[in-house]
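For reference, the structure discussed in these notes is given below.
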């Protein structure tokens, strides 16, 4: 996967101070890092893997993660991400969207962020809902990859 963006391949340096913008950026760093490694080396054929009939496949879970990130993206930028036909390509675009969201949140003051809304809910709902949920589901993808015979790389350079 030489075309996967490398921004989230490692964690950026820790911020020098604690602020609302740094806190949400760090959450996005964690999500982006884990999504990067969940996608790295994943093959389209494995995306159909499921533990049993009726359970979501890797592809189903990835689409859900991408939908959660798109929800944030749509509220921040006023339009949805462009949907790609390939789940791997969509995952790559989602990493790029997370990088853009991270930068946007870092550029906002604490006062701007606290007054920012997710639909009719406070800014804190970004953390409590779509971003935390997406992080949870990336763990599911990692477990299913292991069960499918292609675990997430242990050696992360």
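Where a number appears in this text, it was derived from the coordinates with a stated rule and is not lab data. Predicted model only: the values in this text are computed from it and were never measured. Because the Cβ atoms are built from the backbone with ideal geometry, glycine has one as well, and the counts that use them run over all protein chains shown.
Summary table below
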read-out: Filter result for residue 75 (more than 23 Å from residue 144 (Cβ to Cβ), touching a strand residue (DSSP E or B) at 6+ places or on another chain (Cβ under 6 Å) and without any contact (Cβ under 8 Å) to a residue 60 or more places away in the chain); value: yes
read-out: Residue 37 vs. criteria within 17 Å of the chain's Cα centre (by Cα) and without any contact (Cβ under 8 Å) to a residue 60 or more places away in the chain; value: no
read-out: Count of the range 28-43 residues which are within 15 Å of residue 59 (Cα to Cα) and either out of contact with any helix residue (DSSP H, G or I) (no Cβ under 7 Å at 6 or more places or on another chain) or surrounded by fewer than 20 Cβ atoms within 10 Å (Cβ to Cβ) (or both); value: 3
read-out: Residue within the range 101-112 that is loosely packed, with under 14 Cβ neighbours inside 10 Å, under 26 Å from residue 60 (Cβ atoms), within 12 Å of the chain's Cα centre (by Cα) and in contact (Cβ under 8 Å) with a residue 12 or more places away in the chain present; value: no
read-out: The one condition in (1) more than 16 Å from residue 132 (Cα to Cα); (2) under 11 Å from the mean Cα position of the chain (by Cα); (3) free of Cβ contacts under 8 Å to residues at least 24 places away in the same chain that residue 67 fails to fulfil; value: (1)
read-out: Whichever residue in the range 133-157 is in a helix (DSSP H, G or I) and free of Cβ contacts under 8 Å to residues at least 12 places away in the same chain and, among such residues, is farthest from residue 29 (Cα to Cα); value: 146
